[in-house]
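Step one of this worksheet: look at the structure below.
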Amino acid sequence: MKRNEVKNLWKIFKAGLVYENPLLVLMIGICSSLAVTSNVSNGLGMGLAMTFVLLFSEIFISAFRKLIPNGARLPIFIIIIAAFTTIVDLVMKAYFPALSKSMGVFIPLIVVNCIIMGRVEAFSSKQKVLPSIFDALGMGLGYTWVLIVISAVREILGNGTFAGIQVMPASYTPILFFILPPGGFLVFGLLMSINNGIKSAMKKREALAAKQLPDQRNAKENA
Amino acid sequence: MKSTVKLGLILAIFAAAACASLAVVYQITAPAIASQEQDSLNTSLKELFPDATAHEDITAAVTSGDETVKIVSAYLVKSDMAPLGVAIKATGTSYKGPATLLVGVRLDRSITGVRVLDLSDTPGLGGNASNASYYVNKGNKVTFPGQFTGKYITDKFEVKGDVIPITAATVTSKALTKIVKVAGASAGVWLESMALGNATPSATSGASTQATAPATSGAASAETTSGASK
């Protein structure tokens, strides 16, 4: 029973990272992800800020889920999410002013990020605290790694740098296209297709393993 | 009816709890945010006026001569002995949204430097205005804001004339140049009203004194003359 529970939590976590990745599979919250990913530090900062808000909103909403009346649930969700977003915004302004400046309006806009609203409504308002934590971490980190990958590709090709450090040889002329919005769409689309490829390959392998399992059992019994 | 009131009450309780927790976080972070802003202001003033030791807020007394450019704040920068010049933080509309610049003007009406504080224009195009390794003059390694250093506030400030634009970003170049020009002009008006500096003794017409101003170089001459006029 206990092992099963751990396995279940792991499954929830993995769902956010790969199988139900908010950006690549559920395709929600794309707007912010394309807007801030012109360099890696922005991508990382946005991902972590978003993960923090998601984690604490899910914990709170899951903990208070029995006290939140169905009729007023959406405004209450918004209040909780907005409170945590404002906290992130204030903390960033106080201790990471450069990051807060470069991300501008996108931090306050986390409030209306549909990933948070979606997960809170679909998951944590119906689940216990522990699964909610794993859902938030999976979804948040799933969002973060996609942002980092998109921004790394865009920054290296479009500016010749990685997190502000020059990585391409000086003779390399940056391809401006990648830093501009269309480049973001292109990289995002390619990433989505790669993720789909990996997913279908994994499914095939699982199907194959499921087929082999009874065969092995039969072999053992015969021996 | 009863259930509506109940829902409202529950909502109010959640809202009150959220407000209380935000108030606590705000109390903790407010001093850090204020000191952060003070620090960044001090460093940028120091960059414009290396000898600066103090500054005085003169925002209320400085007005913009153009309605598209707004003066955010203005400071009279002083060394231990005498005033050095005026730093003006001004904002205007650029290609993708507001752009904020800090413009430093010496007592002799020359620009000591321009800093791009906030700009959201396209990275790689207009965004190059805040890129320290993008040079509008590759030979002399002069950046776009860097080229304003040493100009006089009475200069033309004409893009493609005395101001070199950023390649493929004419809108940004024009917008930023305008902010510098307007900020410089308002600094000039304020300096004049306080009778600081030597560029425009009240009786003579502007043009002739402006011609002499470039000949005398640096803040030293400005200070001596301002002392003499007193």
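Okay, here's what the table says:
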| quantity | calculated |
| --- | --- |
| Region A:56-145: chymotrypsin sites (Phe, Trp or Tyr not before Pro) in DSSP coil with no more than 16 other Cβ atoms inside 10 Å | A:64 |
| Distance histogram in 5 Å bins (all Cα pairs of region A:3-222, percent per bin) | 1, 7, 13, 15, 16, 14, 12, 8, 6, 4, 2, 1, 1, 0 |
| Charge dipole (debye, nearest 20) of region A:3-222; +1 at Cβ of Lys and Arg, -1 at Cβ of Asp and Glu | 640 debye |
| Electrostatic dipole magnitude of region A:18-141 [Cβ: Lys, Arg +1; Asp, Glu -1; Cα centre; debye, to 20] | 240 debye |
| Net charge dipole size for the protein assembly as shown [Lys, Arg +1 and Asp, Glu -1 on Cβ; Debye, nearest 20] | 2060 debye |
| Dimensionless Rg/Rh of region A:1-88 - Kirkwood Rh, Rg from C-alpha atoms | 1.03 |
| Whole-percent carbon and sulfur share, accessible surface of the protein assembly as shown, 1.4 Å | 64 percent |
| Average beta carbon contacts from partner chains per residue of B:21-33, 10 Å cutoff | 4 |
| Normalised per residue, the volume of the convex hull around the Cα set of region B:72-135 (Å³) | 95 Å³ |
| Reciprocal of mean inverse Cα separation for region B:47-210 (Kirkwood radius, Å) | 16.0 Å |
| Cα-based Lys pair tally, region B:1-125, threshold under 19 Å, eight or more apart or on separate chains | 5 |
| Cα radius of gyration and Dmax for region A:120-173 (Å) | 18.0, 56 |
| Chain pair A, B: total accessible area buried, heavy atoms, 1.4 Å probe, Å² | 1800 Å² |
| Paired Rg and Dmax values of the protein assembly as shown, which use every Cα atom, in angstrom | 29.0, 115 |
| Alpha carbon convex hull of region A:70-133, volume per residue in cubic angstrom | 89 Å³ |
| Taking the convex hull of Cα positions in region A:77-171, its mean projected area over all directions (nm²) | 7.4 nm² |
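The values are calculated or read from the model by the stated rules, or taken from the named source; none is laboratory data. For clarity, every value in this text was computed on a predicted model and none was experimentally measured. All Cβ positions, even for glycine, are placed from backbone atoms using ideal geometry, and neighbour counts span all protein chains on display. Surface areas here come from the heavy atoms of the whole protein model, side chains and all, with no ligands, DNA or RNA. Shrake-Rupley method; radii C 1.70, N 1.55, O 1.52, S 1.80 Å.
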